[in-house]
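Before any comments, here is the structure.
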Amino acid sequence: MWSFKVALAQMEYQLPRLTRMWSHLERQAGGRVKGMGEKQIEVDKRILRTQIGVLKKELESVRKHRKQYRNRRTSVPVPVVSLVGYTNAGKSTLLNQLTGADVLAEDRLFATLDPTTRRVQIKNGNEFLLTDTVGFIQKLPTTLVAAFRATLEEISESSLLVHVVDISHPLVEQQVHAVDEVLSELDVSSIPRLMVWNKVDRVSDPKKLKLEAERKQDVVCVSALNGDGLEEFCNAVQEKMKDSMVWVEALVPFDKGELLSTIHQVGMVERTEYTESGTLIKAHVPLRFARLLTPMRQLCAS
Ligand SMILES: Nc1nc2c(ncn2[C@@H]2O[C@H](COP(=O)(O)OP(=O)(O)OP(=O)(O)O)[C@@H](O)[C@H]2O)c(=O)[nH]1
Ligand SMILES: [Mg+2]
């Protein structure tokens with residue numbers, strides 16, 4: 001809570017200093033983006049002001065819901081995918097496009113969530129929780145990084161990090177670098193990552209870009225705005241999430257039917273077999289969940 005407040009104070013402090021950062025960047029780009037800095041600084045200032053306002057409002061509700069949410073999340077381990085990226089990259093747009101506005105019906109298990117987390121249901125029945133985060137900005141002072149940690153600490157509990165990039169931005173490389181720097185300050189190096197090249201609708205040659213993405217590993221092209229590439233995105237998320245899951249073979253007793261359906265939701269089931277003493281299930285499941293299954297795994301081994 002305290003560091004949240006520090007983050008706020010430091011964002012407010014940061015506002016007038018953006019000018020210097022951007023003119024520096026413009027010089028670095030060697031005039032290639034002349035005038036870019038000036039326009040961008042207005043955008044950045046506006047964004048920062050908005051974020052300050054939003055942070056203030058969210059502060060209260062996040063504090064209220066966070067504990068409750070965490071408890072629930074560990075008891076029903078739906079995998080968590082976190083969106084990270086430079087400010088204005090399109091993270092929130094992607095979240096909204098994937099989940100729709102009224103996805104949180106009241107009778108759902110996660111009806112009360114941290115306001116920036118939503119449930120995404122994939123065609124094959126699997127689902128995951130998608131978390132939006134505060135956008136990063138260039139050259140965060142070390143003190144600000146420390147304060148941001150508080151808002152970002154939850155991403156260390158994710159099964160997957162999705163780095164959203166505005167591929168149409170002239171300073172895209174610097175932005176990617178800035179995000180990587182912030183991530184390297186957090187304890188997330190062991191979490192698998194996927195990169196999303198967003199705003200493909202704005203580039204001059206989307207086909208060429210898609211080919212380039214295909215040649216790279218773990219890059220998906222999308223337009224969060226018009227929905228282009230979202231199915232590929234969901235498939236890539238599924239594939240990548242397997243990396244953070246463990247293989248289990250467990251014998252689930254018949255009176256634990258609920259558990260069985262949860263496995264189908266959170267994991268990737270390869271095989272089910274009905275035996276006299278229960279359902280034998282072979283699946284990739286999130287590590288947290290594998291722990292819950294431990295007693296049944298022992299059953300299976302005997
Ligand atoms: N043309 C186009 N615009 C997009 C796309 N995705 C997002 N935008 C626009 O980019 C702007 C920023 O989008 P946001 O979703 O707010 O970006 P964000 O990453 O959440 O930004 P922060 O919350 O500041 O970190 C908005 O005006 C969106 O409409 C896209 O695929 N194509
Ligand atoms: Mg956002």
At 0.36 nm per residue, and after removing the present C-alpha to C-alpha distance, how many nm does the segment from Glu185 to Arg291 gain when stretched out fully? 35.3 nm
Could you please state how large a percent of the accessible area of the range 245-301 is carbon and sulfur, counting protein chains only and using a 1.4 Å probe? 52 percent
No solvent, one uniform scatterer per C-alpha: report log10 I(q)/I(0) for the range 245-301 via the Debye equation at q = 0.25, 0.28, 0.31 1/Å, two decimals. -0.99, -1.28, -1.56
With a sphere of radius 13 Å drawn around the Cβ of Glu232, what net charge do the other residues whose Cβ falls strictly inside it have (Lys, Arg +1; Asp, Glu -1)? -2
Segment Glu258-Gln121, extension gain: residue separation times 0.36 nm, minus the distance between their alpha carbons: 47.5 nm
Work out how much length Val269 to Ser156 would gain on full extension: take 0.36 nm times their residue separation and subtract the Cα-Cα distance, in nm to one decimal. 38.1 nm
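The values are calculated or read from the model by the stated rules, or taken from the named source; none is laboratory data. A quick note: this is a predicted structure, and the numbers were derived from the prediction, not measured. Glycine also receives a Cβ, built like all others from the backbone with ideal geometry; neighbour counts cover every protein chain displayed. The protein model used for the area step is the full one, side chains on, heavy atoms only, and it has no ligands, DNA or RNA in it. Shrake-Rupley method; radii C 1.70, N 1.55, O 1.52, S 1.80 Å.
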